1. If I model a spin label at B:T186 and B:E222 as a point 7 Å from the Cα along the Cα→Cβ vector, what separation in nanometres do I get?
2. Please list, in order along the stretch B:47-54, the HN-Hα scalar couplings obtained from phi with the Karplus expression 6.51 cos²θ - 1.76 cosθ + 1.60 (θ = phi - 60°), rounded to whole Hz, x for Gly and Pro.
3. Show the residues, 5+ positions off or on another chain, whose built amide H is closer than 5 Å to the amide H of A:I34.
4. Name the residue farthest towards the positive end of the dipole of chain B from the options B:I488, B:V177, B:Y250, assuming +1 on Cβ of Lys and Arg, -1 on Cβ of Asp and Glu, about the Cα centre.
5. Work out, step by step, the length gained on full extension between B:D462 and B:F372: first 0.36 nm times the residue separation, then minus their alpha carbon distance; give nm to one decimal.
6. Where nothing but the Cβ of Lys and Arg (+1) and of Asp and Glu (-1) is charged, how large is the charge dipole of the protein assembly as shown around its Cα centre, in debye to the nearest 20?
7. Give or take rounding to whole Å, what are the principal axis extents of the alpha carbon atoms in the stretch A:276-318, in descending order?
8. Under the √(5λ) rule applied to the eigenvalues of the Cα gyration tensor, what semi-axes describe the equivalent ellipsoid of the protein assembly as shown? Give them in Å, descending.
Amino acid sequence: MGFKSLSVAAALIVSCITTTSALAEYPEKKIDMIVGFAAGGGTDVMARNIAPYLEKYLGNGVSVVVKNMPGASGQIGITAVAEADPDGYTIGTYNLPGAMARTLDRNADYDADSFTYLANIVNDPNVIVTPKSSDIDTMDKLVEAAKARSGAVTVAMSSLGGDDHFFLQKLSSATGADYITVPFSGSAPARSALMGGHVTMGIINVSEVVNFRDELNVLGIASKERSNMAEDIPTFQEQGYDLVNGSLRGFVAPAGLPDDVESKLLAAFQQTYDDPDFQTAMRKSGNPTELALGDDFEALNAEQLELAKQIWETQPWK
Amino acid sequence: MYGNLIDALPAVLSLGNIFAVVIGVIAGICVGALPGLSATMAISVLIPFTFGMDPLVALGMMAGIYNGAMYGGSIPAVLLRIPGTPAAVATSFDGYPMAQQGRGGYALQVAVVSSALGGIASALVLMLLAPPLAKVTLLFGPTEIFWVAVFGMSAIVFLLGGDIIKGLISAAFGVFVSLIGVDTITGYERYTFGHLELLDGINIVVLLVGLYALPPAIGLLEEVRDFDTQNTGRLNTTSIWKAIPSMLKYWKTWLRSSVIGVFVGILPGAGGSMAAFLSYNEARRASKNPEDWGKGEPEGVAASETSNNADTAAALIPALTLGIPGTAVAAVMLGGLLIHGLQPGPMLFRDNPEIVFGFMWQFLFAAILLIFLGGALATNSFAQVLRLPRPLLGAIIIALVFIGVYSINNRMFDVYLMLGFGLIGYFMDKLKFPLPPVVLGLILGGFAEQNLRLALRIGGGDWSILASSPTAKVLIAMVLLVIVSPIISRRLRARKASKKVAA
C-alpha cells in the first residue's frame, strides 16, 4: 500500500515535471515556414534546403513545413507572416530590397516594425553583363557609351523596384549618365533578350551568370569582395565605382516573439549556417551565402529601407 | 554529344526510372483530364516531394506528367466540350462534335496517337538539335515576339465565329482581362481595385475553367431527366491498333503541326495553347474541305493534339541550354532541376550529362508510353465516365474545379474569381458569344502589348525598330501574307465566276 501510493506520487511528480518542461520547451508542434513564391523558385529552394537543418537544430522532433503563398512578388506571403501570431510557429522568407520597397510603392499592410528579424542567409550581388557579341566589355566603355548619347544604353531587368532596379539607380548617379530601363516580367525573358543582343546591357545576379560565362561578358560585381563563385570577376570598387548592391534572402517571424523562442531560433539558424552540409547544398543550388543574424539583420533591413526611400524620393519608379 | 546520349540510356532503363515515367504519364493523363488541374500545377505540387528522390526519378515523373497532361486535356474536351487544360481548347472544336456523332472513341484515339507522335518528334528534336535551336530562340527579342503575337491573332481570325461583332466583343473581353494587374513597364496597377491577388494578373486556368468548365457543368445539372445513359456511354471504339491505319492519311498534318509545336515551344513565353490554335488553323487552311472543320473533322483533333505535345520537350531546349523556359511548365521544371542542384546552362551538359541526356530519353519514352497507357485508358476507362447520371457528373466536375482552382495559389480569391467568370461564361453561352476569342485575347493580347512596349522602349520610342531585324521582316511578310491572301483568292474566285457567267 505504502509502496503503491509512493509510486503514484512519484508518477504524479514525474508527469508534473514533464508537462511543465514541455510547456517551456519550444518547439512543441510543427512550424509553418511561409514562402512568398511558388515552389521551385530561388527563395523556395532556399527554404526547402534550410528546413531539415532547422528541424535538426531546434530538436524535439519538430517538423518545419514549407507553405507556398505566391503572389504580388512575395507581398502576400510577407503580409501573412506579419499578421501571424508571434509564437514562433510561423516564420517566413523575406526578400530585400523588395519587401521594404513594397512599403513605399504600394499600400502594404506591414512595415519594418512588423517583424522579428531572424537571419539573412543569401546575399546574391548584382553583376553588369553585356551580350558576347557586344563590343562594350569593360566598365569604361559602358560609361563612355552611356555618356555619348542619352538613351543609347538600354538595360534589361526583371522588374521595377527590385535589387536590379536599385542597382541601376546607383550606377546612374555614380557614373553621371542616363540609362533606359527595359523592365521585363521576370528574369527569363530579360536574359533571352540579353543573350540575343536585343538590349545593350543587363543587370542580373552573380548566381545567374556563373553557368553562362561563355555567353555573356561580365563587367563587374557589386560586392565588397570578389565572389567565391566567380573569383575572376572584378568588383566595381576595384574599378573605381563605389557600387555595392544585391538581392538578399532571409527569414523573419512576426514582431513580438517571446525572448526564449527568439534566441532558440537564432541559435538554430546559426548552427544551420555553420553546418558544412548545408553550405554545400546552398552552393549546389547556386545560392551565395552571407549570414546576418538577429540585430545585424535588422540593421541591414533598416539600411535597405533607407536606400529604397532615398531612391523613391528622388527617382520614383512609378 | 551523341555519345553522351547513348551513355545515358542504361540508367534511364533501370526499373525504378521506367516506373517513374509510367507513373508520371498516368498521373499526367488524370491531371490533364480533370478541368482545373494543369501540368504546371501538378509539377509544382510534385517538386517538394522530389526533394529526397534520385534526380532521374523526379525528372522522369515530370516528363511523364507533362506529356500525359497534354493528351489528358483532350479527354473532357472531346467528351464534354470542357478542355482539361488551356492547350486542349482547339481540340474541342472538332472533338466534341465527333463525340456527339458517336465517334468520340475515334476522336480520342486520333488524339492519343497524334499526342504521342508530337511528343516523339519533340523529344527527338530536343535530343538531336538542342544547341542550334537554342540559337533560334535568341533571335526573338521583344520586337520579334510582338510580331509572332500579331501573326497569331491575324491567323486565327476565323475563331471569331459566324457573328463577327460578337466574336470581336469576346476577343476584346479577353484583351481586357489581360490588362488586369501591374503594368510591368510603368509599375502602375491596372483594374486591381487594391487587391493584392490581382497584381500578377489573372491566371489563365482561372479564366478557362470559369468560362469553359462551369457553364457545361451547370448544363449537366439542368438535365434532370434521366435519359438513356447506356447508349451515350458507348464510344463506339475499335481496338487502337485497328484504328491506326485509318489515321495514316493525317501524316501531313502530323508533320506540319509538329514543326509548329516545336517552333512555338522554343519561343520564350508562348505555350501549348498558342501552338494548338496556330496548327489547327494552318491545318484547316491546307485542308480540301475547310467547311467541314468545326463540325467533327478528325484532322482538327490531330492538328491540335500533335502540336500541343510537340511543344513539350521543345520548351526545354532554351530552358536547359540557356535557362530560358519556353513555357510555364518548363519554368516550373527548371525549379525541379534547381532543387536537385542542377543549374541550367552549358555547364549542366558538361557536369551532369547522364542526367540531362537521361531526361531527354525520358521525354521520348513518355511520348511512346502515351500510346499504350493513353490508348488503353481512353478506349476503356474514360468512356465509363459518361455513363454517370448527368447531374452527378456535373456536381463532380464542379467539386474538382473548386479544388483545382484553389490549389493554384492556395487561396479562395481565385475560386471567387472563377465563379465570376463562370457567370459571364454562362451568359455568353446562352447569348451565343464565342468563347475561343476570349482565351486568345488573354494570351496573345497581353503578349503583344507588353512586347510592343518593350520594343519601343528599346528603340527609344522610334517605331522603325519594329522592322529593324531580318527576323522581324520575315514575320511582317508572313502577317501580310495571311491577311492579303484570302482577299486575293476571293477576288480571283469572283473573277472566275463572273467570266463563267459572261461565257
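Any read-out appearing in this document is the output of simple, stated calculations on the displayed coordinates, not a laboratory observation. These numbers were taken from a predicted model, which means no experiment stands behind them. Every residue, glycine among them, receives a Cβ derived from its backbone with ideal geometry; neighbour counts consider all protein chains shown.
1. 4.2
2. My calculation for the stretch B:47-54 gives 3, x, 6, 7, 3, x, 8, 5 Hz in order.
3. HN-HN under 5 Å from A:I34: A:K67, A:I91, A:G92, A:T93.
4. B:I488
5. Details: separation 90, 0.36 × 90 = 32.40 nm, distance 5.45 nm.
Contour length minus Cα-Cα distance gives 26.9 nm.
6. On the way: 54 positive and 67 negative charges, 976 e Å.
Taking the Cα centre of the protein assembly as shown as origin, the dipole is about 4680 debye.
7. 44, 25, 9
8. On the way: eigenvalues 412, 254, 129 Å².
Ellipsoid semi-axes (Å, largest first): 45, 36, 25.
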